[in-house]
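Below: the structure, in structure tokens.
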Amino acid sequence: MRIPTGIEGFDELVQGGLLSERVYVLSGPPGSGKTTFGVQFLASGASRGEVGLYATLLECPQNIIDDMSNFSLNIPALIKGQKLLFADLGPRMEYGYMDELNEFITPDYNVGRASIESEAPSPSMVFKEIAAYVSEYDVKRLVIDSVSAIRFTTNDFSLQEKEMSRFIRNLKKLGCTTVLLSEMTDPTAYSTEQFAAHGVIFMHNFLYDKTMTRAIQLIKMRGTRHDCNMRAVNFSENGLKIEGYLE
């Protein structure tokens, strides 16, 4: 079954949408549109009655909500209707003392607390927190921001690869259509999650003909016909909009 993303011009590139219950990696440098893509994807599903969860390890959820509310995505209403959830799974530490409790924003904007380490969470910690949300709220669409912020329990690169592969495999069992956001500055340097995921999408933000240009590129899409050429990306009042090939 195809899952429409709600991003204008994107679904036509992937035969009508993403394949259901698969894991996709969305990589790109700062300012390329990754957060907007993720929230737009969740809001589209939420407007159809599919509960979406945005799990952040980097940014404060309220900041994301405020920024994305500038688009015509009906974010506040979707949150209040318990169709769009934001969870803060990042470290909770301020200068001068360590806070051993994690805060998360609940659908009705009340602040709850759950135990978590004050350092960056490990893949297993992140998965357990997300699995609890999925079970409690029957989440169908999931965005994790970002996989780059996950702390590994070892400095051995080969063991890190195994740990990330295990994380991806467990995500595939949750029954959600998942988008993993990942920081990327070198599009030729592939990561473990990109090999393990069902699909890989690159967001670009670069100087092109003396103009800063955003573009999107489909690198890998299992079970879906696609090409790997870059297409222009622009912002509208409804979020991201995918346009034609870069000329």
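The values are calculated or read from the model by the stated rules, or taken from the named source; none is laboratory data. Keep in mind that this is a model prediction, so the values were computed, not measured. Neighbour counts run over all protein chains shown; Cβ positions are idealised from the backbone, glycine included. Accessible surface is based on the protein model in full, side chains and every heavy atom, while ligands, DNA and RNA are left aside. Shrake-Rupley method; radii C 1.70, N 1.55, O 1.52, S 1.80 Å.
Assorted remarks:
- Cβ-based net charge around residue 13, under 9 Å, with every Lys or Arg adding one and every Asp or Glu removing one: -2
- Comparing 122, 223, 77 along the charge dipole axis of the chain, the residue lying farthest to the positive side is 223, per the Cβ-charge model.
- Note: relative contact order over the stretch 138-247, using C-alpha pairs below 8 Å and six or more positions apart, is 18 percent.
- Whole-Hz couplings from phi, Karplus 6.51/-1.76/1.60, listed for the stretch 7-13; x for Gly and Pro: 9, 4, x, 8, 4, 5, 7
- Cross-link reach is defined here as a Cα-Cα straight distance under 29 Å, omitting same-chain residues fewer than 8 places apart; for residue 128 the lysines meeting it are 34, 80, 83, 140, 162, 172, 173, 220.
- Alpha-carbon Debye profile of the stretch 1-50, log10 I(q)/I(0) at 0.13, 0.18, 0.25, 0.29 Å⁻¹: -0.30, -0.59, -1.09, -1.29
- Its residue count N fixes a reference of 2.2 N^0.38 Å for the stretch 194-241, and the Cα radius of gyration divided by that reference is 1.32.
- Computed over the chain: relative contact order in percent, which uses C-alpha pairs under 8 Å that are six or more apart: 26 percent
- Size check on the stretch 123-177: the Cα extents along the three principal axes, sorted descending, read 36, 17, 15 Å.
- For the Cα trace of the stretch 118-247, dividing Rg by the Kirkwood Rh returns an Rg/Rh value of 1.00.
- Within the shell defined by Cβ-Cβ distances under 12 Å, the residues around residue 137 carry a net charge of 0, with Lys and Arg each +1 and Asp and Glu each -1.
- Highest mean packing comes first when the peptides 223-235, 13-25 are listed by Cβ atoms within 10 Å, giving 13-25, 223-235.
- In degrees, nearest ten, helix 34-46 long axis to first principal axis of the chain (Cα): 80 degrees
- Each of 176, 146, 196 was scored by the projection of its Cα onto the charge dipole of the stretch 142-231, and the greatest displacement toward the positive side belongs to 176; charges sit on the C-beta of Lys, Arg, Asp and Glu.
- Degrees, to the nearest 10: 123-137 long Cα axis against longest axis of the chain: 90 degrees
- Relative contact order (%) - criterion: Cα under 8 Å, at least six apart; region: the stretch 1-56: 34 percent
- Just the protein heavy atoms count here, and of the accessible area of the chain at 1.4 Å, carbon and sulfur take up 49 percent.
- Full extension of the chain segment joining residue 237 with residue 161 gains 23.4 nm, where the gain is 0.36 nm per residue of separation less the Cα-Cα distance.
- Under 5 Å, built H, 5+ apart or other chain: amide partners of residue 22: 178
- Reciprocal of mean inverse Cα separation for the chain (Kirkwood radius, Å): 18.4 Å
- Estimated purely from DSSP H runs of n ≥ 4, each contributing -39500 (n - 2.57), the mean residue ellipticity at 222 nm for the chain is -7500 deg cm²/dmol once divided by its residues.
- In degrees, nearest ten, helix 157-172 long axis to first principal axis of the chain (Cα): 80 degrees
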